[in-house]
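Only one structure is covered here, and it is reproduced in the block below.
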Amino acid sequence: MLFRSDFDQGIIALGSSRSYKSSNHLYVNSEHYIKVPRESTYDAEMYRVLVNWLRKIHGYEITGQWHLEQVCDDGDYHHLYCDLTIKKPNSPHLEALLELLATASIPKLNGHFDQVFKYEEQLNSREIWIVHFSREDYVVTNPYWPSEKLQEKGLNVVHFWHDRDFKNVRMSARFRDTTDQYCEIIDEIIL
């Protein structure tokens, strides 16, 4: 399994003291305003893992922070950055588009649930994933999912909870499998 052999526990653990943000009103260890890793911690580690696994072993192209431009509702050009993409070298389409979040609130999740489709419009991906790493207490026992409408458009979501040392990791996910059936995993132990 990917987590067991590739994620560097020390890098993620140091995020809570070196590259952190506040959990604000979200409960972490039954407290508010706890230092938790920033998205950049997960982004860098996920990029490293994907390059070492999919690019070096299987030849996939991995792009981090793909720069996109779009005219938005205000009529101005805006710069958008898709966190990670996975592509087979000779394919015109992306295999997957990944948008990462770190200990995010429900409004923040909802914003990214919508935002990821702005990336998809330009990048044309087979799979669209929100990958939410969190230290929030109930993120995998009571996960928050996108609307059915967004799920029908192809949005897949995975929430990973972990302790401060990244020694205990649990996962909940809702996604479509290869037969286009909805699957749901709740509070599965990863580490």
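With respect to residue 97, determine if the residue is of a type in the set (A, V, I, L, M), surrounded by fewer than 21 Cβ atoms within 10 Å (Cβ to Cβ) and touching a Cys at 6+ places or on another chain (Cβ under 8 Å).
No, not satisfied.
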Can you confirm whether segment 76-94 contains a residue that is over 15 Å from the mean Cα position of the chain (by Cα), at pLDDT 95 or above and of a type in the set (Phe, Trp, Tyr)?
no
Filter segment 77-94 for residues that are open to solvent by 10 Å² or more (accessible area, probe 1.4 Å) and either β-branched (Val, Ile, Thr) or assigned to a strand (DSSP E or B) (or both); the one that is farthest from residue 133 (Cα to Cα) is 77
Qualifying position, being at pLDDT 95 or above and among the hydrophobic types (A, V, I, L, M, F, W, C), among 68, 98, 2:
98
Could you please let me know if residue 45 is acidic (Asp, Glu) and open to solvent by less than 70 Å² (accessible area, probe 1.4 Å)?
yes
Which of the residues that make up segment 154-176 are open to solvent by 30 Å² or more (accessible area, probe 1.4 Å), at pLDDT 95 or above and either closer than 22 Å to residue 124 by Cβ or aliphatic (A, V, I, L, M) (or both)?
175
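The values are calculated or read from the model by the stated rules, or taken from the named source; none is laboratory data. Here the structure is a predicted model, which means the values were calculated and not measured. Cβ atoms come from the backbone with ideal geometry, glycine included; neighbour counts cover every protein chain shown. Protein only, heavy atoms only, side chains kept; ligands, DNA and RNA dropped before computing areas. Shrake-Rupley method; radii C 1.70, N 1.55, O 1.52, S 1.80 Å.
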